[in-house]
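Scroll down for the structure; my scribbles are underneath it.
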Amino acid sequence: MTTFNAPHLEYATLLPLLIVLGGAVVGVLVEAFVPRERRYVVQSALAGVVVLAAGVDTAVVTRNLGLFHDKPGKVVAEGAIAVDGPTLFIWGLVLALSFLGVLMFAERKLESGVLSFAGQAAALPGTEAERQASTRGLEHTEVFPLLLFAVSGMMLFPAANDLLTLFVALEVLSLPLYLLCGLARRRRLLSQEAAMKYFLLGAFSSAFFVYGIALVYGYAGSMGFAQIANAVAGRTDGHVLLLGGMGLMAVGLLFKVSAAPFHAWTPDVYQGAPTAVTGFMAAGTKVAAFGALLRLFYVAFGGARWDWEPLFWAIAILTMVVGSVLALAQTDMKRLLAYSSIAHAGFMLTGFLGARSLGVVKAGDISAVQAILFYLLTYGFMTMAAFAIVTVVRDAGGEATGMARWAGLGKESPLLAGVFAFLLLAMAGIPLTSGFTGKWAVFAAAVSAGAWPVVLVAVLLSAVTAFFYVRVIVVMFFSEPVGEGPSVAVPSVLTMLVIAVGTAVTLVLGVVPGPVLDRLGDVAQFIR
């Protein structure tokens, strides 16, 4: 008789992830049993409480594991999940950004008392059914459990310690975002087109990813990162399987971080998706995907660094060139921020070249893991704040994303324009902003590992990015408004809180980054 041994799960360690997943399931039940007129309050409150509770428990897990006392963390769930310093930092960052995302999702004041999501997604644009849904003020409160499901995938993605868990996390992260991108209340066709492009290109990238998993499994004979690392370290043959698998898996992950040449979806999706979704996706997805990319290539494929490093040199340079140069021709604010996001991915990939092992470097140097985690922290908050500002600049058709519509914003709303200008300068890497410190960190890490040619290209392209950021500032403050000029809607406290928090973090990390960088140095080591 065959006996079955139940897997052992360390529930206390996994509790932050379980809280988010449980909250998402409860949100689905709310849609089934709570009357429609009460769902907004219940769903928005539930999502906020779940994210906050998961964040608090992440802090508890960090303390219990003793990560700030030279303890490495531990591998749980039968080896499928690694809970170490980078994992817990990314969990905390994703949850913080997700809470800001909940606030943006819950904003009603900008759309005359309803959410910015379609009232009835199944109704075809321009039909009577859509008009009736708009007239009745219907709302898609399903967006809140969809957000929580995406957050659970974002948390599992960087913690995955085997290839199967990594793929499951990728799909749990992606599928809710495909749906959310097509739910804009205004410009429905553009939103649905964005969702379709994201879905189709995401399906192709997932196919490459799965094929890469098959090749790596065929080479190593195991799905576990530790076993793959041992096979790579002791390899004598099978180079084709390994190199093919690494390349195909890189396609799936680089697609998620919007690295060229896998970036084609980014401008269209960022432009067409509801801006709240765009901000959440731009920040949260990149944080989670870079966490997964770091763990896969530093832990599982760390012994093959000399094989994959030339690929990342080329990808980093190409991504920075594409993001920086194509941004110069953009006239839509969301597309401009999309290409800015691509350029930032290139800068982070520059830092990716900075470590020779599992994030351990000689004293005095900044490791690649430490530098990239800090850059993700700075990028996430300034991106959320920037997209929150985009939601409040409006015209009769809704959000005024055309750059010409922003002319004269400095006169209409000096405070808002000033904050946006500050965020743009941070993205450009101007001193006394977090963007400057983030770029310095990744550049220093790359130079210490000998990747100075990539850093040189990055510095030159940083000047290019500064040009189009400054161009937006000139438009806001020194250009005459077109027609009646821009209109700035007064948002609720929810959106104002997102802008305030993102701006404050950008300022503080630019003025006093030392404590955060030092803390990251204590925890920026992966466990096997």
(request) Output the number of residues of region 400-413 satisfying the condition of being buried (at least 20 other Cβ atoms within 10 Å of the Cβ) and within 23 Å of residue 271 (Cα to Cα). (result) 7
(message) Only one of 222, 191, 258 is small (Gly, Ala, Ser), in a loop (DSSP other than H, G, I, E, B) and either in contact with a Pro (Cβ under 8 Å, 6 or more places away or on another chain) or surrounded by 20 or more Cβ atoms within 10 Å (Cβ to Cβ) (or both). Can you tell me which?
(response) 258
(message) Given the criteria surrounded by 12 or more Cβ atoms within 10 Å (Cβ to Cβ), of a type in the set (Val, Ile, Thr), under 20 Å from residue 526 (Cβ atoms) and out of contact with any Lys or Arg (no Cβ under 8 Å at 6 or more places or on another chain), does residue 51 qualify?
(response) no
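With the structure loaded, tell me whether residue 39 is charged (D, E, K, R), surrounded by 17 or more Cβ atoms within 10 Å (Cβ to Cβ) and either modelled with pLDDT under 90 or assigned to a helix (DSSP H, G or I) (or both) or whether it fails that test. Lay out the reasoning, then the answer.
Working: charged (D, E, K, R): yes; surrounded by 17 or more Cβ atoms within 10 Å (Cβ to Cβ): yes; either modelled with pLDDT under 90 or assigned to a helix (DSSP H, G or I) (or both): yes.
When the stated conditions are applied, residue 39 passes them.
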(request) Just one of (1) part of a helix (DSSP H, G or I); (2) at pLDDT below 95 trips up residue 186, so point out which. (result) (1)
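Quick one: in region 78-118, which of the residues that are part of a helix (DSSP H, G or I) and hydroxyl-bearing (Ser, Thr, Tyr) is modelled with the highest pLDDT?
Out of the qualifying residues, it is 98.
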(request) For region 163-186, name all the residues that are within 21 Å of residue 21 (Cα to Cα), in contact with a strand residue (DSSP E or B) (Cβ under 9 Å, 6 or more places away or on another chain) and buried (at least 24 other Cβ atoms within 10 Å of the Cβ). (result) 163, 166, 170, 180
(request) May I ask you to verify whether residue 62 is in a helix (DSSP H, G or I), among the polar types (S, T, N, Q) and either touching a Pro at 6+ places or on another chain (Cβ under 8 Å) or buried (at least 22 other Cβ atoms within 10 Å of the Cβ) (or both)? (result) no
(message) The conditions are (1) of a type outside the set (Gly, Ala, Ser); (2) at pLDDT 85 or above; (3) in contact with a Gly (Cβ under 8 Å, 6 or more places away or on another chain), and residue 366 fails exactly one of them. Which is it?
(response) (2)
(message) Conditions first: (1) at positive phi; (2) touching a residue at least 12 places away in the same chain (Cβ under 8 Å). Residue 221 passes all but one, so which condition is the exception?
(response) (2)
(message) Based on this model, can you work out whether residue 499 counts as within 23 Å of residue 338 (Cβ to Cβ) and hydrophobic (A, V, I, L, M, F, W, C)?
(response) yes
(request) Spot the failing condition for residue 314; the list is (1) touching a helix residue (DSSP H, G or I) at 6+ places or on another chain (Cβ under 9 Å); (2) farther than 18 Å from residue 384 by Cβ; (3) of a type in the set (Gly, Ala, Ser), and only one is missed. (result) (1)
(request) Residue by residue through region 451-477, note down the ones that are without any contact (Cβ under 8 Å) to a residue 24 or more places away in the chain and more than 28 Å from the chain's Cα centre (by Cα). (result) 474
(request) Could you pull out the residue among 75, 25, 30 that is among the aliphatic types (A, V, I, L, M), in contact with a strand residue (DSSP E or B) (Cβ under 6 Å, 6 or more places away or on another chain) and either buried (at least 16 other Cβ atoms within 10 Å of the Cβ) or modelled with pLDDT of 95 or more (or both)? (result) 75
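The values are calculated or read from the model by the stated rules, or taken from the named source; none is laboratory data. Every value quoted in this text rests on a predicted model; they were computed, and no experiment measured them. Please note: Cβ atoms are built from the backbone with ideal geometry, for glycine as well, and neighbour counts cover all protein chains shown.
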